[in-house]
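Q: Structure below; questions to follow.
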Amino acid sequence: MKPRPHPDARQGRLVYVIGPSGAGKDSIIAYARARLGGEGSAHVFPRRHITRPVDGQSEDHVSLSPEDFDGLCQAGRFALHWRGNGLCYGIGNEIDLSLVAGRHVIVNGSRAHLPEAARAYPDLLPVAIAIDPGVLRQRLLVRAREQAGQIEDRLKRAAELQQVDHPALRTIPNNGALEEAGESFVALLRSL
């Protein structure tokens, strides 16, 4: 059961960042964390739990084995969790304490999991990081985490999942310098 805020308290908002792999979600979130995070901040940037080893190139996350991940799921330790791209992803349930305390929680989410996340957090604010297909292809090639066939699969999924249906959806284009999209995201977070 989620903690309840005091009747006079202001509830924080879950900001659920979505977009195709390679669109720059992690970079934009890291940019905002550097600008807005820190002790006593109104913004919280929790690390995701992922069944992927830490490699120093991908996002800063808690690496878990599939068995450990399943155990945490069964123990109710995740506020949100999903599977995608052959991996398991989870957001710790400590985010509920931050939200009740009036802090805004920013997470890297899943477009496919958005309907379930929105049911769990009705005030959720989805933020789509949009990217042109040609720019996305180039970024995926440069980061060199996938083989050519996997990149084509990611581009196909990105095109299929472009349509996101949520009344509060905000979109931030990320086709240029990180600072442009980063500052747009920081301005959005400050407006909450």
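The values are calculated or read from the model by the stated rules, or taken from the named source; none is laboratory data. Not measured: the values here are computed from a predicted model. Every residue, glycine as well, gets a Cβ built from its backbone with ideal geometry; the counts of neighbours run over all protein chains shown.
Q: Taking only the range 145-183 into account, find how many residues are assigned to a helix (DSSP H, G or I) and within 16 Å of the chain's Cα centre (by Cα).
A: Qualifying residue count for the region: 3.
Q: Please give the number of the condition ALA128 fails out of (1) of a type in the set (A, V, I, L, M, F, W, C); (2) surrounded by 13 or more Cβ atoms within 10 Å (Cβ to Cβ); (3) in contact with a Pro (Cβ under 8 Å, 6 or more places away or on another chain).
A: Here ALA128 clears every test but (3).
Q: So HIS43 passes all but one of these: (1) at positive phi; (2) at pLDDT 95 or above. Which condition number does it fail?
A: Here HIS43 meets the rest and fails (1).
Q: Kindly indicate which of ALA168, ALA144, ALA177 is surrounded by fewer than 19 Cβ atoms within 10 Å (Cβ to Cβ), over 18 Å from ASP26 (Cα atoms) and not charged (D, E, K, R).
A: ALA168
Q: Additional query: Mind listing whichever residues of the range 129-144 are closer than 20 Å to VAL17 by Cβ, in a helix (DSSP H, G or I) and of a type in the set (Gly, Ala, Ser)?
A: Hits for the range 129-144: nothing passes.
Q: Another one. In the range 109-128, how many residues are closer than 12 Å to LYS25 by Cα and either part of a strand (DSSP E or B) or more than 11 Å from the chain's Cα centre (by Cα) (or both)?
A: So the answer is 2.
Q: From the list ARG35, ARG111, ARG77, which one is out of contact with any Phe, Trp or Tyr (no Cβ under 6 Å at 6 or more places or on another chain) and free of Cβ contacts under 8 Å to residues at least 40 places away in the same chain?
A: On inspection, the qualifying residue turns out to be ARG77.
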